[in-house]
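The structure is given below, and queries will be raised subsequently.
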Amino acid sequence: MKKSNFVAMILGIIGGILFALGMCMAMIPEWNAFRPGIVMGVIGLIVFLIMVLVWRKMEHKDPIHVSGKMIGTMLLGIVGALLLGVGMCLTMVWSNMVAGIVIGLIGIVLLLCLIPLTKGLK
């Protein structure tokens with residue numbers, strides 16, 4: 001394993017734990033820790049950002065250039081993930097099976113559209 005991958009793995013684990021614990025603190029009312037949870041979640045996101053920057057520096061990659069295609073790809077991924085999550089919530093939490101399955105499938109299709117958009121067709 002390359003050193004850059006190892007560092008990215010460690011920072012990813014730390015960021016993931018901080019983010020997950022922060023979101024649990026914020027979303028579980030019995031814990032009564034909304035503000036500390038948000039702070040911990042933001043710290044986890046900052047660790048993720050540091051991970052990306054450190055990994056790119058160790059791999060001698062160019063800085064990330066913001067373009068219209070990149071923004072569109074990110075928005076497509078966000079919308080697809082949100083639709084998939086809403087579909088799951090409709091199905092499992094609110095017992096609205098048909099609407100949940102339809103919305104979840106639309107989210108899955110949008111997420112599958114990311115593959116040819118980012119990798120291209122050959």
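Answer yes or no: is there a residue in region 17-35 that is among the β-branched types (Val, Ile, Thr) and within 30 Å of MET1 (Cα to Cα).
yes
Look at ALA20 and say whether it is surrounded by fewer than 14 Cβ atoms within 10 Å (Cβ to Cβ), touching a Gly at 6+ places or on another chain (Cβ under 8 Å) and either among the acidic types (Asp, Glu) or outside the structural domain of LEU105 (by TED's automatic domain parsing) (or both).
yes
Determine, yes or no, whether GLY77 is closer than 24 Å to LEU114 by Cβ, assigned to a helix (DSSP H, G or I) and in contact with a helix residue (DSSP H, G or I) (Cβ under 8 Å, 6 or more places away or on another chain).
Details: closer than 24 Å to LEU114 by Cβ: yes; assigned to a helix (DSSP H, G or I): yes; in contact with a helix residue (DSSP H, G or I) (Cβ under 8 Å, 6 or more places away or on another chain): yes.
Yes, satisfied.
Results for (1) surrounded by 10 or more Cβ atoms within 10 Å (Cβ to Cβ); (2) over 17 Å from the mean Cα position of the chain (by Cα); (3) at pLDDT below 95, shown as yes or no for each residue.
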position	(1), (2), (3)
MET58	yes, yes, yes
GLY72	yes, no, yes
MET88	yes, no, yes
TRP94	yes, yes, yes
MET97	yes, yes, yes
VAL102	yes, yes, no
ILE106	yes, yes, no
LEU110	yes, no, no
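Then there's this: Which ones in region 23-49 are buried (at least 16 other Cβ atoms within 10 Å of the Cβ) and free of Cβ contacts under 8 Å to residues at least 12 places away in the same chain?
Selection gives ALA33 alone.
Look through LEU117, LEU111 and report the one residue that is out of contact with any strand residue (DSSP E or B) (no Cβ under 7 Å at 6 or more places or on another chain), in a helix (DSSP H, G or I) and within 25 Å of ALA20 (Cα to Cα).
From the options LEU117, LEU111, the qualifying one is LEU111.
Let me ask you something else. Could we say that ILE115 is more than 15 Å from the chain's Cα centre (by Cα) and over 27 Å from ILE14 (Cα atoms) here?
Considered against the rule, which asks whether it is more than 15 Å from the chain's Cα centre (by Cα) and over 27 Å from ILE14 (Cα atoms), ILE115 comes out as yes.
The values are calculated or read from the model by the stated rules, or taken from the named source; none is laboratory data. Fair warning: this is a prediction, and the values are worked out from it, not measured in the lab. Reconstructed Cβ throughout: ideal geometry from the backbone, glycine too, with neighbour counts over all protein chains shown.
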